[in-house]
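The values are calculated or read from the model by the stated rules, or taken from the named source; none is laboratory data. Quick caveat, the model's predicted, so the values are computed rather than measured. Cβ: placed from backbone, ideal geometry, glycine included. Neighbour counts: every protein chain shown. Remember, those area values only see protein heavy atoms, side chains included, never the ligands or the DNA or RNA. Shrake-Rupley method; radii C 1.70, N 1.55, O 1.52, S 1.80 Å.
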There are 4 protein chains.
Amino acid sequence: MSVGVHFLRVRYAETDQMGVAHHGSYIPWIEEARTEWMRERGMSYRELEERGFALAVTNVSVRYRQSAKYDDRIRIETRITVRNMASVTLGYELYRTDEGAEERGPLLAQAETRLALLGPEGRPTRIPEGLFDFDADGPNI
Amino acid sequence: MSVGVHFLRVRYAETDQMGVAHHGSYIPWIEEARTEWMRERGMSYRELEERGFALAVTNVSVRYRQSAKYDDRIRIETRITVRNMASVTLGYELYRTDEGAEERGPLLAQAETRLALLGPEGRPTRIPEGLFDFDADGPNI
Amino acid sequence: MSVGVHFLRVRYAETDQMGVAHHGSYIPWIEEARTEWMRERGMSYRELEERGFALAVTNVSVRYRQSAKYDDRIRIETRITVRNMASVTLGYELYRTDEGAEERGPLLAQAETRLALLGPEGRPTRIPEGLFDFDADGPNI
Amino acid sequence: MSVGVHFLRVRYAETDQMGVAHHGSYIPWIEEARTEWMRERGMSYRELEERGFALAVTNVSVRYRQSAKYDDRIRIETRITVRNMASVTLGYELYRTDEGAEERGPLLAQAETRLALLGPEGRPTRIPEGLFDFDADGPNI
């Protein structure tokens, strides 16, 4: 399974009075990384929703290693860690990255989200062959 | 027009690295105050939406006077300032309030939102007689 | 260990276009519940910070069972699940609660946060005897 | 005064149950645009803070014209509209932009923030000659 790589910067609004990014800010970050990871693999999440499907987060966990600071550039790696009939688990690694650089700096956090595919009636649905077979010919939902 | 009074506390996640509540946090606060102001007047915003209507914010402005800090208790006063055919403007005053007290402490901010009523097709709609006549017998949309 | 019980309402800003509370919103909710749980036990988190200490979240996990909706009243139960030398793990259960009721409705989510105590230099610090012994005479940091 | 141009995408977490970006989301967006506008002009806001200064938002206003949707690419233009001794007012225009395009699509919103410069003691401070003279040789605080 190929790894997605996405970069973003810590917003001022995402810091808290400890002087670092609030731990809750990581959730929208990994969601943004997931969106871009899907787009690069030919499956826009927006389109998926327009076809009546949704990926509902059923579990999320984050392990914080080092603080992220305001204006830090963060590199987020996204990969599939588990694949089941009706759910897929994605793992994320977040690294600080130097200005202008693309390589991994220090590891800031590791995260995981389990996503269930919901069909047009909002019910859990079997993930179609090919939806997350990104090494193959792209999704074919 | 009667004034609504609502209390809330500044969340840790709402602070930023200046050590005060981030200025963007005030938007959800006045929205929460507006929800409670409507509920107390017999018009639940949730019900309004369930009937196919929506109040869309077309303008917002906030003037910050003093900082709000983590764990501060905030008293928000809500009142109608302007009423038109298809929109209503609400004014808010935010005060810090001592632990256990109900009275106004120092003024922290003043805000205003203009709200347009949207009908079931998402189009601006004339505000029904009575919807914001809260001194009368309650809303009758 | 005694259980803390806290109530809050889902804000409009906390919903997303699936029509339910965004999964990231639960993080500030359990943080608010934790703040109130500490206050009721005689240990204001604000005071803890003013004395130079901090509780840093090192791990967070949430398991979502049912969706929370806009304007839902949520009952959050907070309790200690694990206690170590330099960290404490809190468990949370989130229930929907009927208007005006205090009892548990359906279980919406379960969450856990591990918190490390940081001393004045930002280093992990042994948790003083008594800080989380809430069944005893209150904290004595 | 030169105009800054910044692009971002609407996050899923920034939508609400009306199916559009929540009106409060625009505040962090224009803050991000302001940060990039300053960086491009040789004045990192992070550095400004490290030198003991801060730009405090004293007023914010937003006028919403059209909704922004999930995954929309937004083009934000930033420019100085008023300059005083101790404050500067920035104006922002937000446009939807087609995938891969850089040009302005439909106007979504106009916003304004007034910023006061605070010195090391947190007091309003005269803005040094050159700090916002971005057409000249860059800031020289």
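Looking only at region D:1-13, count how many residues are among the small types (Gly, Ala, Ser), open to solvent by 10 Å² or more (accessible area, probe 1.4 Å) and touching a residue at least 40 places away in the same chain (Cβ under 8 Å).
Counting residues in region D:1-13 that are among the small types (Gly, Ala, Ser), open to solvent by 10 Å² or more (accessible area, probe 1.4 Å) and touching a residue at least 40 places away in the same chain (Cβ under 8 Å) gives 1.
Would a scan of region A:24-32 turn up a residue that is at pLDDT 95 or above and of a type in the set (D, E, K, R)?
So far as region A:24-32 goes, yes, one or more of its residues are at pLDDT 95 or above and of a type in the set (D, E, K, R).
For region A:34-46, does any single residue satisfy the condition of being closer than 30 Å to B:LYS69 by Cβ and either of a type in the set (Phe, Trp, Tyr) or in a strand (DSSP E or B) (or both)?
no
Filter region A:30-45 for residues that are farther than 22 Å from A:ARG11 by Cβ and charged (D, E, K, R); which is farthest from the other protein chains (Cβ to nearest Cβ)?
Pass one, region A:30-45, residues farther than 22 Å from A:ARG11 by Cβ: A:38, A:40-44.
Cutting the leftovers down to charged (D, E, K, R) gives us A:40-41.
Values: A:GLU40: 13, A:ARG41: 15 Å.
Filtering first and then ranking leaves A:ARG41.
Please work out which one of (1) open to solvent by less than 10 Å² (accessible area, probe 1.4 Å); (2) out of contact with any Lys or Arg (no Cβ under 9 Å at 6 or more places or on another chain); (3) away from every other protein chain (no Cβ under 11 Å); (4) not charged (D, E, K, R) is the condition D:ILE27 fails and give its number.
(3) is the only condition that D:ILE27 fails.
Kindly list, by first and then second residue, each pair from a residue in region A:42-56 that is open to solvent by 40 Å² or more (accessible area, probe 1.4 Å) to a residue that is acidic (Asp, Glu), limited to pairs with Cβ atoms under 6 Å and residues at least 6 apart or on different chains.
Every condition considered, the pairs that remain are A:ARG46/D:ASP71.
Any residue that is away from every other protein chain (no Cβ under 14 Å) and at pLDDT 95 or above - is there at least one of those in region A:60-70? First the steps, then the outcome.
Within region A:60-70, the first condition is being away from every other protein chain (no Cβ under 14 Å), and the residues that meet it are none.
No: zero hits.
Could you list, in sequence order, all residues of region A:71-92 that are among the basic types (Lys, Arg) and within 14 Å of chain C (Cβ to nearest Cβ)? Steps first, please.
Our first condition is that a residue be among the basic types (Lys, Arg); within region A:71-92, this holds for A:73, A:75, A:79, A:83.
Those that are among the basic types (Lys, Arg) and within 14 Å of chain C (Cβ to nearest Cβ): none in region A:71-92.
Suppose the filter is crowded, with 19+ Cβ neighbours inside 10 Å and within 14 Å of chain D (Cβ to nearest Cβ); does B:ASP16 pass it?
Judged against the criteria, B:ASP16 is a match.
So, of the residues in region D:57-95 that are touching a Gly at 6+ places or on another chain (Cβ under 6 Å) and farther than 19 Å from B:ASN59 by Cβ, which turns out to be surrounded by the fewest Cβ atoms within 10 Å (Cβ to Cβ)? Break it down stepwise before answering.
Within region D:57-95, the subset touching a Gly at 6+ places or on another chain (Cβ under 6 Å) is D:78-79, D:81, D:95.
In the following step, the residues that additionally are farther than 19 Å from B:ASN59 by Cβ were identified as D:78-79.
Values: D:THR78: 24, D:ARG79: 14.
Within region D:57-95, the match that is surrounded by the fewest Cβ atoms within 10 Å (Cβ to Cβ) is D:ARG79.
D:ASP98 - would you say it is within 16 Å of D:LEU8 (Cβ to Cβ) and exposed (fewer than 14 other Cβ atoms within 10 Å of the Cβ)?
Yes, satisfied.
Which residues, taken from region D:108-137, are open to solvent by 50 Å² or more (accessible area, probe 1.4 Å) and assigned to a loop (DSSP other than H, G, I, E, B)?
If the condition is that a residue be open to solvent by 50 Å² or more (accessible area, probe 1.4 Å) and assigned to a loop (DSSP other than H, G, I, E, B), then D:PRO120, D:GLU121, D:ARG123, D:ARG126, D:GLU129, D:ASP135, D:ALA136, D:ASP137 are the ones that fit.
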